[in-house]
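The values are calculated or read from the model by the stated rules, or taken from the named source; none is laboratory data. Computed from a prediction, not measured in an experiment: that's the story for all the values here. Cβ atoms come from the backbone with ideal geometry, glycine included; neighbour counts cover every protein chain shown.
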Amino acid sequence: MSPKNPLQLNPTHYYLDGNVILCAGTQHFRVHGSILCHSSAFFAGLLRGSWNDAAPSIPCEHDEPKKSETDSVVAKVQLRGKDPKEVELLLSTLYLHTELEITWHNVEPILKLADEYEFPRIMAKCDQLLRKDMGDKPLEVLILADRYRLPEAYKASSALVLHDYAKISRRHEYKQLSLETRVELQAVRLRYLDGIEELSQQNGWDTITNTNCRAYHLQMFQTQRKSGTSLTTLSASENFQGCNSCNQETCNQQKIQRTKDALGMSNSAITVGDKKYFLFIELAAGGGERSSHTARSKSCSASIDKDDRFDVFSERGKKIE
């Protein structure tokens, strides 16, 4: 009778000189502990306590490899509930000789594991792809940047979403954003709308020192609003227009700052493609950290094994409790 879960050696990432076995589903990945430790804070903390241990015997739900195949193996980590295809994608991104291209077809499973097991270089590669394709998929980028806490992609994609908020917020995918992000986007949008109404009133420009220019600023603002020209976005080579009435530097600065303050714009812009965006949101302080994955293991100890992402096995082949 054939075994229930026959062992498969992953054809891409089973290196005979590897000294760590990762088990996902029915597949073994034999990889190099030094590469894992240099690339992942998670695996660095997990494995560095194992280097002096004797070669472990490795129990699995499937057939075990021969003893000769694991003589140089110092540790085995069983990745609970992980799809071996996704683990292969992660390792193919880590091992440069496999030359895996990160695309929209594979970026999310790679991001998911890179985030969970703390591979910052791989996270950065995924971030580059998201920012590259941001113009075509702003909501999709924001969803992933929100989910995996990517500060730069989050900030830039939020600018594009706010730029076309009325349309994008009605898409059913919009609800995939976290409640926190949706609330913040809505708050920025409402402030923007309130600011438009405020600047459309006679007293909206009362903070301008030169009283002769207040009516002019009101008229110019209403003309710009009616023309449909964006109030918070400029071309990359363009600057905000000052006061064409008196042309005084003080009035120029007051007019521009009044507009920014009322509409909730940032003083510094986000550049995406050939445009500058002054309306966006950012992750909260510390948002780039993976606070949901706080295990910082220093050895194969009982405290490590409480993490539900993996099992570590001792040299006698029993799970450490």
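Miscellaneous remarks
- Residue among 214, 189 that alone is within 30 Å of residue 252 (Cβ to Cβ) and crowded, with 19+ Cβ neighbours inside 10 Å: 214
- The listed residue being hydroxyl-bearing (Ser, Thr, Tyr), within 27 Å of the chain's Cα centre (by Cα) and at pLDDT 90 or above, out of 232, 294: 232
- Residue count for the stretch 11-34, restricted to those that are touching a residue at least 12 places away in the same chain (Cβ under 8 Å) and either over 30 Å from the mean Cα position of the chain (by Cα) or surrounded by fewer than 19 Cβ atoms within 10 Å (Cβ to Cβ) (or both): 10.
- Test: residue in the stretch 92-103 that is in contact (Cβ under 8 Å) with a residue 60 or more places away in the chain and within 15 Å of residue 43 (Cα to Cα): no
- Here residue 77 meets each of (1) in contact with a Leu (Cβ under 6 Å, 6 or more places away or on another chain); (2) modelled with pLDDT of 95 or more with one exception, condition (2).
- The lone exception for residue 202 - which of (1) more than 30 Å from residue 249 (Cα to Cα); (2) loosely packed, with under 15 Cβ neighbours inside 10 Å it fails: (1)
- For the stretch 193-226, the set of residues classified as touching a Leu at 6+ places or on another chain (Cβ under 6 Å) and without any contact (Cβ under 8 Å) to a residue 40 or more places away in the chain consists of 221 only.
- Taking the stretch 155-167 as the range and being farther than 22 Å from residue 124 by Cβ and part of a helix (DSSP H, G or I) as the test, the residues that pass are 161, 162, 163, 165, 166, 167.
- In the stretch 240-262, the residues that are over 19 Å from residue 197 (Cα atoms) and hydroxyl-bearing (Ser, Thr, Tyr): 245, 250
- Any hit, the stretch 244-259, residues being modelled with pLDDT under 90 and among the hydroxyl-bearing types (Ser, Thr, Tyr): yes
- Which numbered condition residue 170 fails, given (1) part of a helix (DSSP H, G or I); (2) farther than 26 Å from residue 116 by Cβ: (1)
- Complete set of residues in the stretch 87-102 that are more than 12 Å from residue 29 (Cβ to Cβ) and either surrounded by fewer than 21 Cβ atoms within 10 Å (Cβ to Cβ) or among the charged types (D, E, K, R) (or both): 96, 97, 98, 99, 100, 101, 102
- Residues located in the stretch 132-172, provided they are polar (S, T, N, Q) and more than 18 Å from the chain's Cα centre (by Cα): 169
- Flag for residue 140 being within 30 Å of residue 100 (Cα to Cα) and either without any contact (Cβ under 8 Å) to a residue 12 or more places away in the chain or not hydrophobic (A, V, I, L, M, F, W, C) (or both): yes
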